[in-house]
Amino acid sequence: MSQKVLLSSKEINIILHRLACQLLENHLNFENTVLIGIQPRGKFLAERLNKILKEEYKVKHIDLGFLDITFYRDDFRRGEKTLEATKTKIDFLIEDKNVVLIDDVLYTGRSINAALTALQSFGRPKDVELLCLIDRRFSRHLPIQPNYRGRQVDAINDEKVKVMWEENDGEDIIYLVNR
Amino acid sequence: MSELSVKHLLGIKYLKETDIQLIFETANHFKEVINRSIKKVPSLRDITIANIFFENSTRTKLSFELAEKRLSADVLNFSASQSSVKKGETLIDTVNNILSMKVDMVVMRHPNPGAGIFLSKHVNASIVNAGDGAHEHPTQALLDSYSIRERLGDVAGKNVVIVGDILHSRVALSNIFALKLQGANVKVCGPKTLLPKHIESLGVGVETNLRKALEWCDVANMLRIQNERLDISYFPTTREYTQQFGVNKKLLDSLDKEIVIMHPGPINRGVEITSDVADSKQSIILNQVENGVAIRMAVIYLLASKIK
């Protein structure tokens with residue numbers, strides 16, 4: 001197994017700021033917008049963007065939630081192991097809101113498909129956008145594209161994109177791992 | 001640990017402690033789901049479950065059915081009273097006939113102990129025991145422990161007394177197994193005639209004085225006197241039973257601590273507990289019912305994930 005660095009901590013930081021600015025450009029004061037991180041790994045990205053928007057761009061209030069999609073996935077019983085759930089925490093209504101779904105890596109699009117189904121349990125949003133840090137080009141199984149993307153990469157199917165966060169893994173770094 | 005060690009839920013006796021923890025963690029997620037405004041997830045949309053009840057049940061059957069529907073499974077309901085069982089069909093034939101209609105899982109209640117175990121050896125489907133005679137009622141014991149954990153933070157180290165007809169109770173046996181597995185201290189309390197001989201061999205204490213039992217415990221699980229199972233007279237009158245083993249507000253108030261009151265239902269108000277106790281804030285009877293749906297969703301979800 002070999003791995004190479006795709007993005008360093010500094011590059012990630014620049015990209016996060018750009019993504020925050022793009023969100024700001026489209027949603028201004030986030031009055032009618034909610035950020036939803038897809039569990040388990042999209043949570044860190046969503047929290048990071050939330051922090052940048054509040055601390056550096058002085059957005060007063062942002063509704064931030066985390067969505068677990070385990071029970072909505074289309075590969076239940078298809079893998080070896082039982083799918084393990086994580087916590088959903090959405091303590092606001094998304095009825096008539098602009099929802100920004102946030103995940104670290106966009107690959108086949110199946111997770112996002114499940115997230116869109118899961119969202120329906122929390123109301124009917126006005127519109128839904130997708131933000132991802134890494135977009136793996138040419139590997140989609142479904143017609144799903146991000147509205148905001150950090151970096152586009154071409155990775156073959158044997159490769160895996162590993163996103164590490166300081167708060168969880170000790171440092172901000174993204175690897176391309178050859179399995 | 002993300003998988004159950006068993007393919008069927010036949011009894012607590014066959015589970016490991018890690019299985020119970022996995023079921024509880026999964027149930028936490030489902031409890032959040034059933035408190036949303038849209039209480040349904042699509043996980044089991046390609047699974048068909050038959051609920052086969054050879055014995056009467058209201059609460060358990062409703063709870064299982066609701067759990068299955070909340071997981072989007074297709075549900076078949078079957079009561080023995082309206083079926084070919086009356087015409088002389090055997091259990092295996094009945095179930096195999098249902099299975100040939102492509103059913104993946106069977107939830108069964110049966111008056112004979114071991115019926116689920118027997119079935120699991122002869123048919124090709126996941127079996128969930130919803131009560132087999134006086135043997136086990138695993139989902140009830142799981143939801144009881146889950147409710148204790150929710151109220152008191154943990155089950156380990158807690159003192160739990162099970163009061164009433166221990167002899168005929170599947171709830172008592174499953175609860176004893178589940179509580180012991182999680183490290184609780186268990187006593188049983190009731191008239192001597194309704195306590196099985198050698199029950200101490202399961203590692204439980206025996207107490208025939210209700211007051212002493214309540215003074216010792218953190219949780220009292222009050223069982224119903226199952227008149228339908230009492231073939232001979234085990235105590236003189238219901239009134240005498242109530243005087244000795246019924247819990248009332250006055251008795252609870254005279255204890256120097258506030259204990260938790262549980263009941264698996266259906267309650268005979270005024271027999272094993274009085275109305276004011278059943279409806280008091282010490283009682284978690286309705287929490288048990290709510291948790292029952294979450295626990296059954298967890299059990300079905302985890303077992304279904306093993307169906308390939």
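The values are calculated or read from the model by the stated rules, or taken from the named source; none is laboratory data. These numbers were taken from a predicted model, which means no experiment stands behind them. Cβ atoms come from the backbone with ideal geometry, glycine included; neighbour counts cover every protein chain shown.
Summary of values
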| item | result |
| --- | --- |
| Any helices (runs of 4 or more DSSP H) falling wholly within segment B:66-167 and containing at least 2 residues that are within 23 Å of B:Glu290 (Cα to Cα) | B:138-152 |
| Some residue of segment B:269-283 being farther than 28 Å from B:Lys39 by Cα, without any contact (Cβ under 8 Å) to a residue 40 or more places away in the chain, crowded, with 16+ Cβ neighbours inside 10 Å and β-branched (Val, Ile, Thr) | yes |
| From B:Ile295, B:Ile232, B:Ile307, residue being within 14 Å of another protein chain (Cβ to nearest Cβ) and either outside any loop (DSSP other than H, G, I, E, B) or more than 22 Å from the chain's Cα centre (by Cα) (or both) | B:Ile307 |
| Any hit, segment B:44-59, residues being more than 17 Å from B:Asp104 (Cα to Cα), more than 14 Å from chain A (Cβ to nearest Cβ) and outside any loop (DSSP other than H, G, I, E, B) | yes |
| Residues of segment A:15-36 satisfying the condition of being among the polar types (S, T, N, Q) and in contact with a helix residue (DSSP H, G or I) (Cβ under 8 Å, 6 or more places away or on another chain) | A:Thr33 |
| Residue among B:Val206, B:Val128 that alone is over 30 Å from B:Ser81 (Cβ atoms) and either touching a residue at least 12 places away in the same chain (Cβ under 8 Å) or in contact with an Asp or Glu (Cβ under 6 Å, 6 or more places away or on another chain) (or both) | B:Val206 |
| Some residue of segment A:53-74 being of a type in the set (Lys, Arg), within 14 Å of chain B (Cβ to nearest Cβ), free of Cβ contacts under 8 Å to residues at least 40 places away in the same chain and surrounded by fewer than 14 Cβ atoms within 10 Å (Cβ to Cβ) | no |
| Segment A:86-111, residues that are over 29 Å from A:Leu6 (Cβ atoms) and within 14 Å of chain B (Cβ to nearest Cβ) | A:Thr88, A:Lys89, A:Ile90, A:Asp91, A:Phe92, A:Leu93, A:Ile94, A:Glu95 |
| Criterion violated by B:Ser145 - all others in (1) away from chain A (no Cβ under 14 Å); (2) surrounded by fewer than 22 Cβ atoms within 10 Å (Cβ to Cβ); (3) of a type in the set (Ser, Thr, Tyr) satisfied | (2) |
| Looking only at segment B:242-256, and only at residues there that are among the hydrophobic types (A, V, I, L, M, F, W, C) and assigned to a helix (DSSP H, G or I), the one that is nearest to B:Val163 (Cα to Cα) | B:Phe245 |
| Residue in segment B:16-35 that is touching a Leu at 6+ places or on another chain (Cβ under 6 Å), closer than 22 Å to B:Leu173 by Cβ, buried (at least 20 other Cβ atoms within 10 Å of the Cβ) and within 11 Å of chain A (Cβ to nearest Cβ) present | no |
| Meets criteria (more than 14 Å from chain A (Cβ to nearest Cβ), touching a residue at least 40 places away in the same chain (Cβ under 8 Å), among the β-branched types (Val, Ile, Thr) and buried (at least 19 other Cβ atoms within 10 Å of the Cβ)) for B:Ile300 | no |
| Within segment A:75-117, considering residues that are assigned to a strand (DSSP E or B) and of a type in the set (A, V, I, L, M), the one surrounded by the fewest Cβ atoms within 10 Å (Cβ to Cβ) | A:Val105 |
| Scope segment A:17-48; condition over 20 Å from A:Ala118 (Cα atoms) and buried (at least 19 other Cβ atoms within 10 Å of the Cβ); matching residues | A:Leu19, A:Ala20, A:Leu23, A:His27, A:Phe30, A:Arg48 |
| Test: residue in segment A:122-143 that is closer than 22 Å to A:Leu23 by Cβ, of a type in the set (A, V, I, L, M), within 14 Å of chain B (Cβ to nearest Cβ) and assigned to a strand (DSSP E or B) | no |
| Selection from segment A:41-74 of residues that are in a loop (DSSP other than H, G, I, E, B) and either over 30 Å from B:Glu3 (Cα atoms) or in contact with a Lys or Arg (Cβ under 9 Å, 6 or more places away or on another chain) (or both) | A:Glu56, A:Tyr57, A:Lys58, A:Val59, A:Lys60, A:His61, A:Ile62, A:Asp68, A:Arg73, A:Asp74 |
| All positions within segment B:22-33 that are of a type outside the set (Val, Ile, Thr) and farther than 27 Å from B:Pro113 by Cβ | B:Glu25, B:Asn28, B:His29, B:Phe30, B:Lys31, B:Glu32 |
| Criterion: farther than 30 Å from A:Leu93 by Cα, more than 14 Å from every other protein chain (Cβ to nearest Cβ) and surrounded by fewer than 20 Cβ atoms within 10 Å (Cβ to Cβ) - qualifying residue of B:Gly11, B:Gly88 | B:Gly88 |
| Among residues of segment A:67-85, those that are at pLDDT 80 or above and among the basic types (Lys, Arg), counted | 1 |
